[in-house]
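Below is one structure, written out as structure tokens, with a few remarks after it.
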There are 2 protein chains.
Amino acid sequence: MPNARTKLFGVIGDPVGHSLSPVLHNYFLKKYKLNAFYFAFRVVPANLGACVQGAWAMGLAGLNVTLPHKEKVVELVKFRSPEVNLLGVANTLSMREEGVAAFVTDPAGFIASVQPMQPLFRESRVVLFGAGGSARSVAYALSKMGSRELTIVNRTYDRALHLSRFCTERLGFRKVSILGMRDPALNDHILGAQALVNATSIGMAPYVDYSPLPDFSAVSQNHFVYDLVYNPVWTVFLREAKKKGAKVQNGLDMLIYQGLESLQIWMNETYSIARNELNALRIHLSTELQS
Amino acid sequence: MPNARTKLFGVIGDPVGHSLSPVLHNYFLKKYKLNAFYFAFRVVPANLGACVQGAWAMGLAGLNVTLPHKEKVVELVKFRSPEVNLLGVANTLSMREEGVAAFVTDPAGFIASVQPMQPLFRESRVVLFGAGGSARSVAYALSKMGSRELTIVNRTYDRALHLSRFCTERLGFRKVSILGMRDPALNDHILGAQALVNATSIGMAPYVDYSPLPDFSAVSQNHFVYDLVYNPVWTVFLREAKKKGAKVQNGLDMLIYQGLESLQIWMNETYSIARNELNALRIHLSTELQS
């Protein structure tokens, strides 16, 4: 039970009722024996400023920030990490005596989630689906792992162009191509790539019948196929890629590691998850998704 | 563990580290099987406005308000109960979709705490120590129970005069006297009174050797002597009165009942405590005080 020394964490978003973050973080808090609890707060866009100021005034220990607040929140804090300044998004707020500090742990979460596959990304070419905030974080993570060429597949050209320029000008990609979802050249780009990453919400519940890629004929066992979506655990995108022999991974581990990274920022401590614990946590989260 | 539907309550104050409210309310929340937790938030006066707006923005379910915010908070809310308007203090905020509503549950807490003694207060004369916010709440509660005459004992005359006017003009007391703590007339007033109530913080830890009344010679078994202080459970005021044969009561039950009243406001539900449960709760709270 909370006492006067119990720390309070939470996630703010709208909607936030189906967020896995409370389950994830309360699991961490218990595992690491921290006197703290983690809540979900539904905050509508008009109240974001009041929320950030109020959370600081009340001495909340930290907040995660999810859609639709990840970009807007950057303007509302006193301190920003270099990655927040670079990417223009934040998902982690730390309430410090001097003011609120913003961080973004999605890139570190992505990198930690593909840790065993990291050599594959060195000098790699990657097909990236999406051009929003998640895609930007993934592109940054890919650049840190040594990716050199990117194919951005997106429905709207303008957003893709914006991300494309960011990738060449700020992230050092050697070459960035932009394709529409049904571009005939897409299969050639897939054939030349080592990895495919879905950073769109296509395939996410309740629209589980959709895939960001309509034709899997170019996908093979040479590919690592990654879906940031974790609900459902098996999206059409991953199922079809698996059928073609690709190595596949969903977004659960990225969720886990970005959360762990947030906790490390808040507590100024290092925490680790053993392999068998990671498996238990995946199952715990998947079970929650189905309930 | 909290999930996305867990309600969040808390107390705001400065200091708030030794507040019993988290212990009390988490006991209630568990007892009544409510999916909710209660925290302590230290909020400095300069941040009170940001806190109230932020708590509303984040959809906290409710807050208790303690020193030094009980008066200031009244100006910061959208809705006020008639008692808040009358007394100018609030200790309970309910976050409603349309805005924050303020209530004061101290008077109801006082009345519930003396429930078996209520006939004694009808047409009574009471010696009240103190002239601050707590004394005002007690005076109001006394008036609701039918008290007709009040002797206000206070260190500063101006505050006593202010409360005195309030008692005659707004609460309908027939007669209100003002005495200093060492006024020779005090013993006569005690002899003519049925009850003595300490609504000052004199005798509260860590100043446990002090008493609002220096001379107990006029106190007898005819008196009901009540101390709003509950830390320590036995103040000098109560110990000395007990020695003179008076029936005595400390502030624990008022704390319990004002908290229960707050919970009823927040949940829009009625809750009760059986006699044996009340005893268990008193012991639970007293144990916490000593730890």
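Legend: helices of chain B (whole DSSP H runs) are marked when their alpha-carbon atoms reach 27 angstrom or more along the helix axis and their mean Kyte-Doolittle hydropathy is at least 0.5; nothing is marked. Using heavy atoms of the protein chains and a probe of 1.4 Å, the accessible area assigned to residue B:254 is about 20 Å².
Label-to-label distances for residue A:183 across copies, nearest first, come out at 9.0 nm, using points 7 Å from Cα in the beta-carbon direction.
Calculate, in nm to one decimal, what residue B:207 and residue B:96 gain on full extension: separation in residues at 0.36 nm each, minus their alpha carbon distance.
Here the answer is 36.0 nm.
Annotation: amide H of residue A:177 within the under-5 Å range of A:150, A:151, A:152, sequence separation 5 or more or interchain, hydrogens built in the peptide plane. Annotation for residue A:123, label-to-label distances across the other copies: 10.3 nm (shortest first, one decimal, point 7 Å from Cα along Cα→Cβ). For the set B:7/B:144; B:144/B:243; A:33/B:31; A:30/B:7, the pairs lying more than 27 angstrom apart at their alpha carbons are B:7/B:144; B:144/B:243.
Taking the stretch A:1-46, which chymotrypsin sites (Phe, Trp or Tyr not before Pro) meet the DSSP loop condition and have no more than 16 other C-beta atoms within 10 Å? The qualifying sites are A:32.
Ordered by 1.4 Å accessible area with all protein chains kept, B:289, B:93, B:191 run largest first as B:191, B:289, B:93. The H on the amide N of residue B:203, modeled in the peptide plane, is under 5 Å from the matching H of B:210, each at least 5 residues off or on a different chain. Only Cα pairs under 8 Å and 6+ residues apart enter the sum, and on that basis the relative contact order of the stretch B:67-145 stands at 25 percent. Based on C-alpha pairs under 8 angstrom that are at least 6 apart in sequence, the stretch B:108-250 has a relative contact order of 21 percent. Rounded to the nearest 20, the size of the Cβ-charge dipole of the stretch B:108-250 about its Cα centre is 300 debye, with Lys and Arg at +1 and Asp and Glu at -1. Placing unit charges on the Cβ atoms only, positive for Lys and Arg and negative for Asp and Glu, gives the protein assembly as shown a dipole magnitude near 440 debye about its Cα centre. Scanning chain A for GluC sites (Glu not before Pro) lying in DSSP loops with no more than 13 further Cβ atoms inside 10 Å, the longest uninterrupted stretch between such sites is A:124-268.
Across the stretch B:108-250, counting alpha-carbon atoms alone, Rg and Dmax equal 13.6, 37 Å. Each residue of chain B gets 131 Å³ once the volume of the Cα convex hull is shared out per residue. Placing a label point 7 Å from Cα along the Cα-to-Cβ axis, residue B:31 is separated from the same position in the other copies by 3.6 nm, shortest listed first.
Per residue, the protein assembly as shown reaches -11000 deg cm²/dmol at 222 nm when only DSSP H runs of four or more residues are counted, each adding -39500 (n - 2.57).
Need one word for the protein assembly as shown: rounded, prolate or oblate. Basis is the Cα gyration tensor (sqrt eigenvalues a ≥ b ≥ c); a/c below 1.5 gives rounded, then a/b vs b/c decides.
Prolate.
The local environment of residue B:265, defined by Cβ-Cβ distances under 12 Å, has a net charge of -2 under the rule Lys, Arg +1 and Asp, Glu -1. Annotation: residue B:234 carries an accessible surface of approximately 120 Å², with a 1.4 Å probe and no ligand, DNA or RNA atoms counted.
Sorting A:95, B:58 on solvent-accessible area from highest to lowest, probe radius 1.4 Å, gives A:95, B:58.
Based on Cα contacts under 8 Å between residues 6+ apart, chain A shows a relative contact order of 14 percent.
Scanning chain B for the beta carbon that comes closest to the axis linking it by rotation to A yields B:54, 0, distance in whole angstrom.
Heavy-atom accessible area for residue B:162, with the other protein chains in place and a 1.4 Å probe, reaches approximately 130 Å².
Were the residues from residue B:1 through residue B:78 laid out at 0.36 nm apart, the gain over their Cα-Cα distance would be 24.5 nm.
The values are calculated or read from the model by the stated rules, or taken from the named source; none is laboratory data. The model shown is predicted, which means the values in this text are computed figures rather than measured ones. Glycine also receives a Cβ, built like all others from the backbone with ideal geometry; neighbour counts cover every protein chain displayed. SASA here: full protein model, heavy atoms, side chains in, ligands and nucleic acids out. Shrake-Rupley method; radii C 1.70, N 1.55, O 1.52, S 1.80 Å.
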